[in-house]
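The values are calculated or read from the model by the stated rules, or taken from the named source; none is laboratory data. Quick caveat, the model's predicted, so the values are computed rather than measured. Note: ideal-geometry Cβ built from the backbone for every residue, glycine included; neighbour counts use all protein chains shown.
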Amino acid sequence: MLEYNNKLKSRASDLRNNLTDAESILWQRLRYKQLKNSQFNRQKPIGNYIVDFYYDNYRDEYLKSLGLKILRFSNYQIMKQLQEVVEFIYREMMD
């Protein structure tokens, strides 16, 4: 089980309630197990980080060390190429 930092719970909740337009659009396609019947989480506290749609290199290395896969998409890709983004996520889930 991944380490959970209770001190970040309130901040994660704030972030979930204040999504950017791109985050909101992508979330509409990923929530409710719409993609491969898999559960996605938004703004999930893991260790000392809140895992979201944006990471820095240090955070990436930490998350990779936990066995997590990092995917990145620009706001432009989500706003203009949403279907391709969702298909890419699906293919990555198949690996």
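Among what's in the stretch 1-58 and is in a helix (DSSP H, G or I) and hydroxyl-bearing (Ser, Thr, Tyr), pick the residue that is farthest from MET93 (Cα to Cα). Give the steps one after another, and end with the answer.
At the first step, the residues of the stretch 1-58 found to be in a helix (DSSP H, G or I) are 6-16, 21-30, 57-58.
Within this subset, residues satisfying the condition of being hydroxyl-bearing (Ser, Thr, Tyr) are 10, 13, 24, 58.
Values: SER10: 29, SER13: 26, SER24: 21, TYR58: 23 Å.
Per the criteria, the residue is SER10.
Quick one: how many residues across the stretch 59-85 are of a type outside the set (Ser, Thr, Tyr), closer than 20 Å to ALA12 by Cβ and outside any loop (DSSP other than H, G, I, E, B)?
Final tally of qualifying residues: 3.
Does PHE88 count as surrounded by 12 or more Cβ atoms within 10 Å (Cβ to Cβ), within 15 Å of the chain's Cα centre (by Cα), farther than 19 Å from ALA12 by Cβ and touching a residue at least 24 places away in the same chain (Cβ under 8 Å)?
Answer is no for this residue.
Can you name the residue in the stretch 1-23 that is surrounded by 11 or more Cβ atoms within 10 Å (Cβ to Cβ) and polar (S, T, N, Q) and, of all such residues, is farthest from TYR76 (Cα to Cα)?
ASN5
Is it the case, given these coordinates, that TYR90 is at pLDDT below 95, farther than 21 Å from THR20 by Cα and among the hydroxyl-bearing types (Ser, Thr, Tyr)?
Details: at pLDDT below 95: no; farther than 21 Å from THR20 by Cα: yes; among the hydroxyl-bearing types (Ser, Thr, Tyr): yes.
No: the conditions fail for TYR90.
Filter the stretch 56-78 down to the residues that are surrounded by 14 or more Cβ atoms within 10 Å (Cβ to Cβ) and touching a helix residue (DSSP H, G or I) at 6+ places or on another chain (Cβ under 7 Å) and list them by number.
Passing the criteria: PHE73, ASN75, GLN77, ILE78.
For LYS33, all conditions in the list (1) touching a residue at least 12 places away in the same chain (Cβ under 8 Å); (2) at positive phi; (3) not hydroxyl-bearing (Ser, Thr, Tyr) hold save one; what is the number of the exception?
LYS33 satisfies all of (1) touching a residue at least 12 places away in the same chain (Cβ under 8 Å); (2) at positive phi; (3) not hydroxyl-bearing (Ser, Thr, Tyr) except (1).
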